[in-house]
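Here's the structure, in structure tokens; my notes come after.
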Amino acid sequence: MKAERKSFGEDYTEFDLHGYSCQLAEETMIGAFSQPVHINVQTEESKAKLEQHYFTFVIGRGKHSNTKMAVDLSKAVADGLRQAGLQESRHACKDERGTFKIIADKDIATKVLKVYPVMDIQVAEASDVSSDDEESVEKELERLQELTKESLTLRGLSHAIVETRCLAGNLTEDQKLYLGHDLSEVFKTLFEAFRKEIESPTFVCTEEDKEAAMELLQLELNRAKVLPHISDLQQRLQKIEPSEPGPVLKERRKALKMRQKQLDELEDVWDRSSHGRFKFPSVEAMTKHSNRMEEVRKEIDSINERIDYLLDFKE
């Protein structure tokens, strides 16, 4: 189908037929639905979800809309679907495959065609995407959904938005059908929080916040379709002077500096011993020294993890 896909979710895929002539709309319905809709998927779970899938087509808008559509578009798509073997029914639904209905939504001044075709979903015997990969994608989506409930710093929001963009770009076609809507909602929630943070009259940010946010905004500006307000947000952020980090973060960085100094001293002794410039009094002393170095390294790793957390989550 050449129609512009506007959105997709767990249950449906929506297309917009603005700009279509009646003939093209009729031919599109015949070409798309004369045969069962065939999709290859990687898991039985994906198959079960897609068997309930349906398609919506925007075929009319209110008189005040700037989007112009052919007057007889609803008749054209209905004729095309009948020729494709589908039946029009006001009871058409996900459980009644091979049916369609046209709905005029007065609340949003839009006329919509809903098509419930026969689905031919095949689970591929061999696939480049394993079931483990499928599960990991869903777990990553769940993790991002949980992040939308957290109180994130500007750096945390920036990183989460980039991760959401990356996940969306790597979805397979069937994953887009049943995960795309949820992922889109995650992006909207995160970006709205990001925007409100920068536009707030009392907005302050650390150097790390500003750096991460500027990188995100530059990535967004380089996209084919640039979101509204990106340039304005970038200009506002450029004028902000970074503030001092919070007291807990300061304390952790001080502790990190002390541990790093301690490790440097321990490694210096070990290095001198390795080159014959220092001799441990016993094997036991050498072992104890080695163990202590390992302990300090683990302490440094733990402090770094805590610092990363503090940079991404508000104190």
- Item | Given charges at beta-carbon only (K, R positive; D, E negative), |dipole| of the chain in Debye | 1020 debye
- Item | Cα→Cβ-extended label distance, 7 Å offset, between ILE30 and LYS298, nm | 7.3 nm
- Helix 154-169: inclination vs the chain longest Cα principal axis, degrees, rounded to 10, gives 50 degrees
- Message: Students often get this wrong, so check it: of LYS47/LYS139; LYS149/LYS298; LYS139/LYS298; LYS210/LYS254; LYS149/LYS239; LYS111/LYS149, which have C-alpha atoms separated by over 26 Å?
- Response: LYS149/LYS298; LYS139/LYS298; LYS149/LYS239; LYS111/LYS149
- To the nearest Å, what is the center-to-center distance of segment 140-191 and segment 219-235, using C-alpha atoms only? 18 Å
- Which residues make up the longest stretch of the chain clear of chymotrypsin sites (Phe, Trp or Tyr not before Pro) that lie in a DSSP loop with no more than 16 other Cβ atoms within 10 Å, not counting the sites? 1-202
- Message: Just want to confirm a number: the relative contact order over the chain, from Cα pairs under 8 angstrom separated by 6+ residues, in percent.
- Response: 17 percent
- Item | Paramagnetic reach from GLU241 in segment 190-207 [backbone N under 20 Å; point 7 Å along Cα→Cβ] | 198-207
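Among the GluC sites (Glu not before Pro) within segment 150-222, which fall in a DSSP loop and have no more than 14 other Cβ atoms within 10 Å of their own Cβ?
Passing sites in segment 150-222 are GLU150.
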- Query: Among (i) 20.3, 60; (ii) 28.6, 96; (iii) 19.5, 62, which is the computed Rg and Dmax of the Cα atoms in Å?
  - Reply: (ii)
- Query: Where does helix 283-312 land angle-wise versus the long Cα axis of the chain, in degrees 0 to 90, nearest 10?
  - Reply: 40 degrees
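Any read-out appearing in this document is the output of simple, stated calculations on the displayed coordinates, not a laboratory observation. Predicted model, so just to flag it, every value in this text is computed and none were measured. In this analysis, Cβ positions are derived from the backbone assuming ideal geometry, glycine residues included, and neighbour counts consider all displayed protein chains.
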